[in-house]
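Taking it in order: structure first as structure tokens, then the write-up.
The values are calculated or read from the model by the stated rules, or taken from the named source; none is laboratory data. Just so we're clear, the structure is a prediction, and the values are computed from it rather than from any experiment. Ideal geometry is used to build each Cβ from the backbone, glycine not excepted, and the neighbour counts take in all protein chains shown.
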């Protein structure tokens with residue numbers, strides 16, 4: 001007999017060899033019917049795989065992230081089976097689940113391609129195969145047999161993947177007529193897959209290397225109910241309306257130019273105003289928190305990044321070195337700000353009394369992202385981080401970390417991000433060579449993060465292998481108005497760069513000690529943050545942040561002078577806005593201002609000019625009536641104060 005410990009702490013006994021399905025059935029028939037997979041001792045496994053030893057166990061359904069991943073991973077195999085039936089001779093790369101659905105990289109062969117006209121037949125074939133209720137059957141194979149199978153099939157991509165696998169660790173999964181190299185886990189059978197949609201097709205180089213062949217990447221999604229697919233497609237349509245690339249163009253916030261270069265955004269006047277407001281907001285908060293502003297160059301000598309370790313880790317993702325007429329002298333566009341800040345720390349001797357030292361910079365960094373991975377402002381080659389590095393004593397780490405958490409939460413409240421999870425990203429204990437630093441330092445850093453998150457009562461998840469190469473981190477995963485997850489703010493504890501740069505301070509006993517370094521960026525990058533913010537609020541920015549907070553709309557040229565007086569009075573109260581003096585009907589002016597998502601439209605005519613008032617319209621709400629200018633200013637400022645303190649509601653319609 002074996003003991004199975006469930007998430008509520010209860011223990012049930014089963015015969016050795018029982019499966020997760022047996023456990024689910026012992027709890028309820030409904031749970032067994034809805035179970036997709038199980039998590040055994042932290043490892044996600046097939047529902048029917050035998051359990052031979054006592055273990056902790058969690059039943060996974062569609063409501064669990066790991067359950068969805070299993071569902072979509074299995075659906076990727078179903079997509080592959082459909083493609084093999086429709087495109088004989090197709091070769092397969094990889095087909096993982098992603099946040100929403102899955103993809104499969106395939107080589108269709110010369111002269112063949114997939115267009116939107118083909119999506120329906122692929123979906124139809126997937127659902128036709130799903131109705132066969134084919135079991136996903138797992139079997140262990142030797143490396144020699146696996147190589148022989150894919151040699152006979154003529155699939156070079158699977159053979160390439162097999163080179164990196166050890167004999168004894170290789171498994172195949174088969175459903176219907178399709179067999180794939182895969183570690184799993186998978187659904188019991190295909191019957192759960194009731195709705196399928198091919199979303200789009202893109203190009204992807206094999207193993208992400210531009211020197212390799214470009215494959216066809218097919219993105220798709222599946223659901224256990226057709227109703228859920230319809231709901232998802234509706235949400236997808238809403239996401240298209242909110243696409244920051246579309247709204248960025250319509251609202252005249254930013255642009256890209258082929259002459260300037262791919263992945264290098266140009267900030268237009270309105271976008272610059274938005275960006276500067278975010279910077280001012282953060283600068284004020286940082287001054288109150290004791291940060292000192294610094295500025296560092298956009299380039300650094302190669303030796304700087306060799307010392308920091310960035311050259312070894314990011315050299316391949318950096319722009320080519322900048323060579324000078326001086327033989328052997330090389331510079332790089334900086335991929336990170338932290339090495340520069342370490343050198344600022346070293347500009348003079350430091351005492352324990354000087355710590356914590358908090359250095360902050362809106363520093364622009366550069367990474368050579370592959371052209372196929374660039375995406376609007378969310379994936380660019382040049383971006384600005386609201387970067388800061390805190391140099392502190394060991395006994396100050398947790399307190400400083402907690403202060404940074406408070407700063408991140410203040411930012412989220414002011415900008416209307418209410419649904420977030422803190423991801424504690426730790427190193428992979430099975431692959432320590434990916435990281436620098438001693439086990440002792442890693443243990444101390446990981447402990448500080450976990451304790452700080454617990455003290456602040458954060459809702460957390462822990463992910464192994466997601467740490468930075470120099471230390472663990474706390475990443476804030478934010479869900480926007482459409483429920484999509486984004487990684488924004490980050491805080492990282494680093495015992496390693498102070499070691500590499502030989503940073504010191506004089507302790508009370510006159511001994512020389514290493515400071516601990518905390519990296520933090522509440523926005524992450526301004527570009528990515530603005531993109532997420534645009535899509536979260538559909539361009540209806542929080543009132544305090546809107547590039548243009550009001551527009552005065554005179555109903556005819558006779559009231560231009562009064563309109564300008566209104567504008568001047570509002571600007572003296574620190575409100576931002578313009579006057580629309582175009583020779584257009586008032587209805588057209590209102591429609592255009594609504595399209596530009598200006599929060600307040602102030603219509604002025606004879607009645608308003610005679611009485612010193614404005615007729616107020618709120619974007620998305622309509623007419624709010626007439627009021628004196630002073631009353632409008634007072635109401636406006638009260639709303640801004642509420643929003644800045646996290647008490648108001650950010651428009652997200």
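Report yes if residue 361 is at pLDDT below 95 and either surrounded by 15 or more Cβ atoms within 10 Å (Cβ to Cβ) or farther than 30 Å from residue 411 by Cα (or both), otherwise no.
Working: at pLDDT below 95: no; either surrounded by 15 or more Cβ atoms within 10 Å (Cβ to Cβ) or farther than 30 Å from residue 411 by Cα (or both): yes.
Here the answer is no, as residue 361 does not meet what is asked.
Which members of segment 322-374 meet the condition of being in a strand (DSSP E or B) and touching a residue at least 60 places away in the same chain (Cβ under 8 Å)? Write out each step before concluding.
Of the residues in segment 322-374, the ones in a strand (DSSP E or B) are 322-323, 330-333, 351, 357-366.
Once the filter is applied, which keeps residues that are in a strand (DSSP E or B) and touching a residue at least 60 places away in the same chain (Cβ under 8 Å), segment 322-374 yields 351, 357, 358, 359, 360, 361, 362, 363, 364, 366.
From 315, 309, 300, 290, which residue is at pLDDT 90 or above and either farther than 19 Å from residue 364 by Cβ or loosely packed, with under 14 Cβ neighbours inside 10 Å (or both)? Break it down into steps so the answer makes sense when it comes.
Working: 315 fails: at pLDDT 90 or above; 309 fails: at pLDDT 90 or above; 300 fails: either farther than 19 Å from residue 364 by Cβ or loosely packed, with under 14 Cβ neighbours inside 10 Å (or both).
When all the criteria are applied, what remains is 290.
Check 526, 570, 545 and return the single one that is within 30 Å of residue 391 (Cα to Cα) and touching a residue at least 40 places away in the same chain (Cβ under 8 Å). Lay out the reasoning, then the answer.
Numbers: 570 fails: within 30 Å of residue 391 (Cα to Cα); 545 fails: within 30 Å of residue 391 (Cα to Cα).
Of 526, 570, 545, the one residue that is within 30 Å of residue 391 (Cα to Cα) and touching a residue at least 40 places away in the same chain (Cβ under 8 Å) is 526.
Starting from segment 416-437, keep only residues that are assigned by TED's automatic domain parsing to the domain that holds residue 474 and at positive phi, then list their pairs with residues that are in a strand (DSSP E or B) and at pLDDT 85 or above whose Cβ atoms are within a distance under 8 Å, requiring at least 6 positions of separation or different chains.
Note: no pairs meet the criteria.
Filter segment 375-402 down to the residues that are under 20 Å from residue 335 (Cα atoms) and assigned to a strand (DSSP E or B) and list them by number.
Taking segment 375-402 first, the residues under 20 Å from residue 335 (Cα atoms) are 375-390.
Those that are under 20 Å from residue 335 (Cα atoms) and assigned to a strand (DSSP E or B): 375, 379, 382, 383, 384, 385, 386, 387, 388, 389, 390.
All but one of (1) assigned to a strand (DSSP E or B); (2) crowded, with 18+ Cβ neighbours inside 10 Å hold for residue 56; which doesn't?
Evaluating residue 56 over (1) assigned to a strand (DSSP E or B); (2) crowded, with 18+ Cβ neighbours inside 10 Å leaves (2) as the failure.
Looking at 527, 535, can you tell me which residue is within 25 Å of residue 411 (Cα to Cα), assigned to a helix (DSSP H, G or I) and touching a helix residue (DSSP H, G or I) at 6+ places or on another chain (Cβ under 6 Å)? It would help to see each step written out before you state the result.
On the way: 527 fails: touching a helix residue (DSSP H, G or I) at 6+ places or on another chain (Cβ under 6 Å).
Just one listed residue meets the conditions, 535.
Taking the condition touching a strand residue (DSSP E or B) at 6+ places or on another chain (Cβ under 9 Å) and at pLDDT 95 or above, does residue 123 pass?
On the way: touching a strand residue (DSSP E or B) at 6+ places or on another chain (Cβ under 9 Å): yes; at pLDDT 95 or above: yes.
Judged against the criteria, residue 123 is a match.
Go through segment 1-16 residue by residue and tally those that are farther than 16 Å from residue 42 by Cβ and part of a strand (DSSP E or B).
Total meeting the criteria: 6.
Please go through segment 408-422 and give me each residue that is touching a strand residue (DSSP E or B) at 6+ places or on another chain (Cβ under 8 Å) and buried (at least 20 other Cβ atoms within 10 Å of the Cβ), ordered by number. Spell out the reasoning first.
Initial filter on segment 408-422 (touching a strand residue (DSSP E or B) at 6+ places or on another chain (Cβ under 8 Å)): 408, 411-412, 417, 419-422.
Within segment 408-422, 408, 411, 417, 422 meet the criteria.
Taking the condition free of Cβ contacts under 8 Å to residues at least 12 places away in the same chain and either on the phi < 0 side of the Ramachandran plot or assigned by TED's automatic domain parsing to the domain that holds residue 377 (or both), does residue 473 pass?
It is false that residue 473 is free of Cβ contacts under 8 Å to residues at least 12 places away in the same chain and either on the phi < 0 side of the Ramachandran plot or assigned by TED's automatic domain parsing to the domain that holds residue 377 (or both).
Would you be able to tell me the number of residues in segment 222-245 that are touching a residue at least 60 places away in the same chain (Cβ under 8 Å) and either under 20 Å from the mean Cα position of the chain (by Cα) or in a helix (DSSP H, G or I) (or both)? I'd like the intermediate steps shown before the answer.
The first filter runs over segment 222-245 and keeps only residues touching a residue at least 60 places away in the same chain (Cβ under 8 Å), leaving 222, 224, 232, 235, 238-239, 241-245.
From what's left, either under 20 Å from the mean Cα position of the chain (by Cα) or in a helix (DSSP H, G or I) (or both): 232, 235, 238-239, 241-245.
Number of matching residues: 9.
Hey, can you tell me all the residues within segment 246-257 that are in contact with a helix residue (DSSP H, G or I) (Cβ under 9 Å, 6 or more places away or on another chain), surrounded by fewer than 16 Cβ atoms within 10 Å (Cβ to Cβ) and not in a helix (DSSP H, G or I)?
252, 255 - these are the residues of segment 246-257 that are in contact with a helix residue (DSSP H, G or I) (Cβ under 9 Å, 6 or more places away or on another chain), surrounded by fewer than 16 Cβ atoms within 10 Å (Cβ to Cβ) and not in a helix (DSSP H, G or I).
Among (1) surrounded by fewer than 19 Cβ atoms within 10 Å (Cβ to Cβ); (2) assigned by TED's automatic domain parsing to the domain that holds residue 478, there is one condition residue 583 misses while meeting the rest; what is its number?
Here residue 583 clears every test but (2).
With the structure loaded, tell me whether residue 421 is over 30 Å from residue 255 (Cβ atoms), at pLDDT 90 or above and out of contact with any helix residue (DSSP H, G or I) (no Cβ under 9 Å at 6 or more places or on another chain) or whether it fails that test.
On the way: over 30 Å from residue 255 (Cβ atoms): yes; at pLDDT 90 or above: yes; out of contact with any helix residue (DSSP H, G or I) (no Cβ under 9 Å at 6 or more places or on another chain): yes.
Yes: the conditions hold for residue 421.
Evaluate the following for residue 383: is it assigned by TED's automatic domain parsing to the domain that holds residue 494, within 30 Å of residue 506 (Cβ to Cβ) and buried (at least 21 other Cβ atoms within 10 Å of the Cβ)? Outline the logic, then answer.
Values: assigned by TED's automatic domain parsing to the domain that holds residue 494: yes; within 30 Å of residue 506 (Cβ to Cβ): no; buried (at least 21 other Cβ atoms within 10 Å of the Cβ): yes.
No, not satisfied.
Suppose we keep only residues that are in contact with a helix residue (DSSP H, G or I) (Cβ under 9 Å, 6 or more places away or on another chain) and assigned to a helix (DSSP H, G or I) within segment 79-110. Which one would you say is surrounded by the most Cβ atoms within 10 Å (Cβ to Cβ)?
Among them, the one singled out is 79.
For segment 111-221, which fully contained strands (runs of 3 or more DSSP E) count at least 3 residues that are touching a residue at least 60 places away in the same chain (Cβ under 8 Å) and assigned by TED's automatic domain parsing to the domain that holds residue 34? Break it down stepwise before answering.
Values: elements: 137-140, 171-175, 178-181, 195-205.
Per the criteria, no element qualifies.
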